Structures are given as C-alpha cells and as structure tokens.
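Below: one structure, written as structure tokens.
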Amino acid sequence: MENKSECPFCQINKLFLIKEGKSAFVQLSDPCLMNGHLLIIPKRHVERLSELTEEERKEILDLTVEFQDKILGRFASGCDVRQNCRPFLPQSKLKVDHLHVHLLPREMEDELYLKSMIFENEIFRDLTEEERVKFVKLFGL
C-alpha cells in the first residue's frame with residue numbers, strides 16, 4: 001500500500017474493539033462473513049507474516065488461540081482460522097493490505113458451506129507424483 005494513512009487497520013476502531021494487546025488487537029470484522037467473525041490485527045503496518053517480529057508473531061498466535069477457544073466454548077462448534085496474502089487483488093472493503101487473521105465461527109452446513117465450501121469436493125484433487133516431486137524440490141526439502 002502506498003499510503004498507510006488510508007489503511008483502515010492502522011488505527012484501532014474502538015467501536016469494534018474486543019481486546020487490545022501490546023502489539024496487536026482483536027476486533028469484530030465489519031463487514032463480516034458470519035456472526036462472531038473476528039480479526040486479529042498487528043498494530044504495526046505489515047503485509048506479510050514474514051515481516052512480523054518474533055514478539056508480534058507470538059502475540060498474534062496467542063490471541064488466535066485465546067479467541068478460537070472462546071468461540072468454540074461459547075457459541076460455535078467449529079472455527080476456521082485464515083490469513084490471506086493476495087497482493088494481486090486491489091485493496092477494497094473486502095481486501096485490506098494490512099496483515100490480519102480471520103477467526104470464523106463455523107457450524108455444519110452453515111451459510112459459508114452452503115454457498116461455497118459445498119463445492120470443495122469438486123475443486124480438491126489428488127496430488128500427482130509429478131506435482132509432489134516438483135513442489136518438494138521447489139520448496140527445498
């Protein structure tokens with residue numbers, strides 16, 4: 001992002017704030033994908049996980065664990081944890097160039113499943129031997 005002053009996550013929105021830590025905060029997602037959708041956001045403007053300090057990584061992971069447990073213990077039987085890096089998409093209301101982690105409360109056959117994830121079986125496929133060899137070599141293992 002060229003202008004960090006335009007970043008919606010560089011300032012904590014107290015209206016949606018759930019918890020504030022030293023280097024990260026938890027807020028309700030707005031817009032949200034489902035009820036209880038949370039975002040865990042580093043205070044410092046970074047775009048990739050690799051840009052986080054060790055302290056920031058630890059706090060973000062600790063907050064992720066804490067709030068996943070709260071979601072699972074209080075109102076949902078499942079919780080997806082997601083972090084997307086999609087610099088090929090332009091920034092918009094749904095895509096912000098500031099690293100953040102999504103916590104998505106889930107239930108069997110919820111709206112997200114019925115509208116998109118029901119098609120996973122058609123998208124996922126078995127890994128070929130050629131792909132396995134290629135990517136093991138590419139990732140340097």
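Below is a table of values for the structure above.
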read-out	value
Calculated [θ] (222 nm, deg cm²/dmol) that DSSP helices of n ≥ 4 give over the chain, each run adding -39,500 (n - 2.57)	-8500 deg cm²/dmol
Global geometry of region 45-121, whether rounded, prolate or oblate, following the gyration tensor of its Cα atoms and the 1.5 cut on a/c	oblate
Cysteines, the chain, no other Cys beta-carbon under 4.7 Å	CYS32, CYS79, CYS85
R0 of 30 Å, Cβ-Cβ distance PHE124-LEU33: FRET efficiency to nearest 0.05	0.90
FRET efficiency for SER92 and ASP62, using Cβ-Cβ distance with R0 set to 25 Å, rounded to 0.05	0.25
Positive-pole candidate from ILE40, GLY140, ASN121, dipole of the chain, charges at beta carbon	ILE40
Dipole moment magnitude, nearest 20 debye, region 4-108 about Cα centre, only Lys, Arg, Asp, Glu C-beta charged	200 debye
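Only the coordinates and a few stated rules stand behind these numbers; no lab work does. Note that this is a predicted model, so its numbers are computed, not measured. Note: ideal-geometry Cβ built from the backbone for every residue, glycine included; neighbour counts use all protein chains shown.
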